[in-house]
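Just so you know, all these numbers are worked out from the coordinates, no wet-lab data involved. The structure displayed is predicted, hence computed values, not measured ones. Because the Cβ atoms are built from the backbone with ideal geometry, glycine has one as well, and the counts that use them run over all protein chains shown.
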Amino acid sequence: MKLVLYLQSKRRVWWRDHLQSLLPEIDCLLWEDCADKNAIDFAVVWRPPAGGLRQFKNLQAIVSIGAGIDHVLADPELPEIPVIRTTGAELTQRMREYVCLHVLRIHRQCSDMEAAQREQRWRPVITPPATRRQVGIMGLGKLGTDAAIHLTQLGFSVSGWARSKHTIAGVNCYHGEQVPEDFLKRSEILVCLLPLTPDTRNMLNTNLFEQLPSGAGLINAARGEHLVESDLLAALESGQLANATLDVFRKEPLPSTHPFWTHPNIVVTPHNASLIDPLSGGAEIAANLRRFIRGDLIADLTDTKRGY
Ligand SMILES: NC(=O)c1ccc[n+]([C@@H]2O[C@H](COP(=O)([O-])OP(=O)(O)OC[C@H]3O[C@@H](n4cnc5c(N)ncnc54)[C@H](OP(=O)(O)O)[C@@H]3O)[C@@H](O)[C@H]2O)c1
């Protein structure tokens, strides 16, 4: 059996060698080294080129090197075969750290204190306890559910929204196709952990911001295309939003002239909320491919029609 790897990173040779060591029974090739495309059974990819995967006529499955599959589904000529995403305990742990860190930063007004320190101003900020801070999580999948549970353990008053009904101890769960007004009304800090689909693209917009409590904080750790960037700038300007923490952007790396870099109320992180670690991520990929070959159930198998 043969596997082809597509990754626009200097580390792709390392990744290929790593996957080869984990899957000695499969011949692992770099995309550019693959002479006989008909011999390839599996593609392991991050942001594959449009029309690229259909050249592999005997492909059985595509593996996304990441939890999201939007970068795979973006290909209009994608073959209709199973798409397996890559998750795992470390990915969830990292996102938990990111969400808790930045919710706490917003809650305790850390940016204001850091600005005061730069000006050598002694300015104690008194914030309410977490029990009186309402956090809303958009998306109650693997990452959203875990973040909700851990924010609850920190004492926050947490709500969550997903398409289908969820029950999470201590979390006020909403469901439905539309974002419930009541959910937004009680989200002083809103965290986006939705997959990028046609339904969720541009969802973080003026209409949604206006339904949040005035002076709310936003954290987007999902995908840049969820956010209408000009609407965010307008909401920060008007004060409807007090601040935003953004890990993901429409164009990555964020262009050097982009206004987000220097905005006083925006924290920019370089899409590293929860990167796939090659060691543990490689092991997850290898385990999922073996499950696929054996015909076992794969929890990371996605629903390409649904988009996640
Ligand atoms: N920044 C980073 O470093 C980083 C790292 C990893 C992942 N991510 C992003 O995080 C996203 C979420 O990951 P995950 O593993 O938690 O995804 P997941 O397990 O697939 O969960 C997705 C959640 O979103 C909900 N959802 C989907 N479409 C919806 C809609 N139209 N309306 C309401 N709810 C909707 C789903 O509802 P149901 O439960 O009802 O299906 C589910 O609860 C990924 O897709 C990826 O884009 C970012």
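Taken over the stretch 154-164, residues that are surrounded by fewer than 18 Cβ atoms within 10 Å (Cβ to Cβ) and either within 27 Å of residue 66 (Cβ to Cβ) or in contact (Cβ under 8 Å) with a residue 40 or more places away in the chain (or both) amount to 3. State all residues of the stretch 139-150 that are closer than 14 Å to residue 103 by Cα and out of contact with any helix residue (DSSP H, G or I) (no Cβ under 6 Å at 6 or more places or on another chain); if no residue qualifies, say none. Across the stretch 139-150, the qualifying residues are 144, 148, 149. When the stretch 229-253 is filtered for residues that are within 16 Å of the ligand (Cβ to nearest atom) and either buried (at least 19 other Cβ atoms within 10 Å of the Cβ) or hydroxyl-bearing (Ser, Thr, Tyr) (or both), the ones remaining, listed by number, are 244, 245, 246, 247, 248, 249.
Considering 230, 274, the condition of being part of a helix (DSSP H, G or I) and under 22 Å from the mean Cα position of the chain (by Cα) is satisfied by 230 alone. Scanning for something surrounded by 14 or more Cβ atoms within 10 Å (Cβ to Cβ), within 16 Å of the ligand (Cβ to nearest atom) and either in a helix (DSSP H, G or I) or without any contact (Cβ under 8 Å) to a residue 12 or more places away in the chain (or both), does the stretch 106-127 turn up at least one residue? No, because not a single residue in the stretch 106-127 is surrounded by 14 or more Cβ atoms within 10 Å (Cβ to Cβ), within 16 Å of the ligand (Cβ to nearest atom) and either in a helix (DSSP H, G or I) or without any contact (Cβ under 8 Å) to a residue 12 or more places away in the chain (or both). For the stretch 277-298, the tally of residues that are assigned to a loop (DSSP other than H, G, I, E, B) and either out of contact with any Lys or Arg (no Cβ under 9 Å at 6 or more places or on another chain) or among the hydroxyl-bearing types (Ser, Thr, Tyr) (or both) stands at 1.
Conditions (1) in a strand (DSSP E or B); (2) under 19 Å from the mean Cα position of the chain (by Cα); (3) farther than 26 Å from residue 275 by Cβ; (4) among the small types (Gly, Ala, Ser), marked per residue:
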position	(1), (2), (3), (4)
146	no, yes, no, no
159	yes, yes, yes, yes
168	no, no, no, no
178	no, no, yes, no
184	no, no, yes, no
187	no, no, yes, yes
191	yes, yes, no, no
201	no, yes, no, no
217	yes, yes, no, yes
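Residues that are small (Gly, Ala, Ser) and crowded, with 17+ Cβ neighbours inside 10 Å within the stretch 254-280 comprise 273, 274, listed in sequence order. Only residues that are surrounded by fewer than 19 Cβ atoms within 10 Å (Cβ to Cβ) and under 12 Å from residue 85 (Cα atoms) were counted in the stretch 288-308, giving 6.
Within the stretch 5-62, the set of residues being in contact with a Ser or Thr (Cβ under 9 Å, 6 or more places away or on another chain) and aliphatic (A, V, I, L, M) comprises 44, 45. Scanning the stretch 175-196 for residues that are near the ligand (Cβ under 10 Å from one of its atoms) and either closer than 24 Å to residue 101 by Cβ or buried (at least 18 other Cβ atoms within 10 Å of the Cβ) (or both) yields 179, 192, 193, 194, 195, 196.
Listed by first and then second residue, the pairs with beta-carbon distance under 7 Å, at least 6 apart or on different chains, first residue in the stretch 1-25 and among the β-branched types (Val, Ile, Thr), second crowded, with 18+ Cβ neighbours inside 10 Å, are 4/29; 4/31; 4/34; 4/40; 4/43; 4/56.
Taking first residues from the stretch 258-278 that are in contact (Cβ under 8 Å) with a residue 12 or more places away in the chain and within 20 Å of residue 103 (Cβ to Cβ) and partners that are away from the ligand (no atom under 14 Å from the Cβ) and outside any strand (DSSP E or B), the Cβ contacts under 6 Å between residues at least 6 apart in sequence or on separate chains come to 265/236; 266/260; 268/260. Take the conditions (1) touching a residue at least 40 places away in the same chain (Cβ under 8 Å); (2) within 14 Å of the ligand (Cβ to nearest atom); (3) within 22 Å of residue 262 (Cβ to Cβ); residue 204 misses just one of them, which is (1).
Residues that are touching a strand residue (DSSP E or B) at 6+ places or on another chain (Cβ under 7 Å) and more than 19 Å from residue 156 (Cα to Cα): does the stretch 210-219 have at least one? So that I can check it myself, show each step before the final result.
Kept after step one, since they are touching a strand residue (DSSP E or B) at 6+ places or on another chain (Cβ under 7 Å), are these residues of the stretch 210-219: 212, 215-219.
If we keep only those that are more than 19 Å from residue 156 (Cα to Cα) too, we end up with none.
No, the stretch 210-219 has no match at all.
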